[in-house]
Amino acid sequence: MVADKEYKDFLIQVKTQIRSSQAKAALSVNSSLIYLYWNLGKLIAEKQETYSWGNSVIEHLSVDLKTEFPDSSGFSTRNLFEISRFYIFYSPEKVQQAAALLNSQNMQQIAVLFNQPIPQSVDANSNMSKVQQVVALIPWGHHILILNKIKDPDSALFYILQTIEFSWSRAMLGIQMEQDLYSRQGKAINNFKSTLPEQQAVLAQQILKDPYNFDFLTLQPGQAITTGMG
């Protein structure tokens with residue numbers, strides 16, 4: 001017979017490792033999805049500028065992508081417009097001032113908490129790299145809400161960091177934006193207080209509720225798109 005206390009301690013250890021792995025997997029899937037959407041937004045914006053394509057190209061692209069990936073609703077015309085808007089909102093010329101919110105201590109804590117790799121195609125110390133790492137940590141549904149309510153990257157990054165620190169649901173994020181927390185709090189960013197297991201687990205719960213992550217997993221093997229941000 002296994003000693004009761006020894007087994008209970010063993011069970012706690014196993015359950016902790018399982019939950020930690022589940023949280024890391026959820027965070028990894030979400031980051032890959034946001035990287036994908038960032039790259040798609042960049043491609044759409046670049047092609048529209050290069051070839052003077054209008055918005056009708058997004059509608060045409062949606063039809064073709066839904067034919068190729070019929071089980072995913074992430075390539076609807078509406079969502080492709082959101083993806084394009086997402087990239088433009090955080091375009092390099094707009095994030096220089098916003099990235100000042102991301103101090104070195106914040107970024108070190110993010111790296112420890114989420115073990116997020118820096119995209120290979122960018123300078124690890126650049127402002128754009130910081131923004132890319134941070135936006136990849138919250139669900140796409142949260143991003144859509146931010147895009148519809150916030151006008152500039154400065155306040156958007158503030159709400160993203162608050163969502164990361166306090167693991168806000170989409171509803172809570174909406175309430176905080178409606179109450180203009182960004183202005184009321186003096187635009188200050190506190191250093192994160194949560195510990196690694198708690199932070200990962202609670203944010204992972206929000207990620208698992210986001211339907212776009214389930215859609216993303218319907219992509220067939222061999223059809224994956226590179227997830228590093230360019």
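Residues that are free of Cβ contacts under 8 Å to residues at least 40 places away in the same chain and within 23 Å of residue 210 (Cα to Cα) within the range 80-93 comprise just one, 81. Against the list (1) modelled with pLDDT of 80 or more; (2) in contact with a helix residue (DSSP H, G or I) (Cβ under 9 Å, 6 or more places away or on another chain); (3) of a type in the set (A, V, I, L, M, F, W, C), the condition residue 229 fails is (1). Looking at 20, 72, just one residue is of a type outside the set (D, E, K, R), closer than 24 Å to residue 135 by Cβ and part of a helix (DSSP H, G or I), and that residue is 20. Looking across the range 1-43 at every residue that is over 19 Å from the mean Cα position of the chain (by Cα), of a type outside the set (D, E, K, R) and at pLDDT 90 or above, the one that is farthest from residue 213 (Cα to Cα) is identified as 7.
Yes or no: the range 77-84 includes at least one residue that is surrounded by fewer than 16 Cβ atoms within 10 Å (Cβ to Cβ) and farther than 27 Å from residue 156 by Cα. Taking every residue of the range 77-84 in turn, none turns out to be surrounded by fewer than 16 Cβ atoms within 10 Å (Cβ to Cβ) and farther than 27 Å from residue 156 by Cα. Being under 22 Å from residue 216 (Cα atoms) and of a type in the set (Ser, Thr, Tyr) holds for only one residue in 35, 51, 7, and it is 35.
The values are calculated or read from the model by the stated rules, or taken from the named source; none is laboratory data. The model shown is predicted, which means the values in this text are computed figures rather than measured ones. No Cβ is skipped: glycine too gets one built from the backbone with ideal geometry, and neighbour counts run over all protein chains shown.
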